[in-house]
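Heads up: the structure comes next, in structure tokens.
The values are calculated or read from the model by the stated rules, or taken from the named source; none is laboratory data. In this text, all values refer to a predicted model and were calculated from it rather than measured experimentally. Cβ: placed from backbone, ideal geometry, glycine included. Neighbour counts: every protein chain shown.
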Amino acid sequence: MWASSTQEHFLQIHGKFIRTCEDFYLINVYAPCDGRAKKELWESLSVRLQQLRGRRVCVCGDFNEIRCAEERRSIRGEGVVAATHFFNRFIDDNGMIDLPLCGRKYTWYKGYGSCMSRLDRFLLSEDW
């Protein structure tokens, strides 16, 4: 690890792989639950990712957001919230690849499976 920095809701690490001597950036996210605060986070991260364009970047962590209705199961039958639009746009605009899950479909559970969502992800840059 060469350097690290923290911002509200994320930690960024700049390092080098020992075997290949390739630089990488790892951004660990713990997104807020509030929709407005999440939108601000996506905008802040987008600025950071634009500065890192052309480099190996992994953005991972708890995004507290789903991308589509299939990523949430609830006994209330809630639909997709409008905020998913901003999250999907953040991923698409920054050219990030959303790695698929292996095994389980959801990463967060509540009440013995009465509510389940995929909130945790690994997003990779094309260069990664």
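Summary table
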{"read-out": "Whichever residue in region 94-128 is farther than 19 Å from residue 39 by Cα and of a type in the set (A, V, I, L, M) and, among such residues, is surrounded by the most Cβ atoms within 10 Å (Cβ to Cβ)", "value": "116"}
{"read-out": "Residue check for residue 54: touching a Ser or Thr at 6+ places or on another chain (Cβ under 9 Å) and closer than 19 Å to residue 3 by Cβ", "value": "yes"}
{"read-out": "Selected residue [surrounded by 12 or more Cβ atoms within 10 Å (Cβ to Cβ) and in a strand (DSSP E or B)] from 13, 66, 91", "value": "13"}
{"read-out": "Residue identified as in contact with a Leu (Cβ under 9 Å, 6 or more places away or on another chain), among the aromatic types (Phe, Trp, Tyr), closer than 19 Å to residue 116 by Cα and modelled with pLDDT of 95 or more among 87, 63", "value": "63"}
{"read-out": "Residue check for residue 36: loosely packed, with under 12 Cβ neighbours inside 10 Å and either within 17 Å of the chain's Cα centre (by Cα) or under 23 Å from residue 127 (Cα atoms) (or both)", "value": "yes"}
{"read-out": "Those residues of region 33-46 which are assigned to a helix (DSSP H, G or I) and more than 18 Å from residue 13 (Cβ to Cβ), in sequence order", "value": "35, 36, 37, 38, 39, 40, 42, 43, 46"}
{"read-out": "Scope region 11-37; condition under 21 Å from residue 108 (Cα atoms) and either aliphatic (A, V, I, L, M) or modelled with pLDDT under 95 (or both); matching residues", "value": "27, 29, 31, 33, 34, 35, 37"}
{"read-out": "Some residue of region 70-83 being surrounded by 15 or more Cβ atoms within 10 Å (Cβ to Cβ), assigned to a helix (DSSP H, G or I), among the charged types (D, E, K, R) and in contact (Cβ under 8 Å) with a residue 40 or more places away in the chain", "value": "yes"}
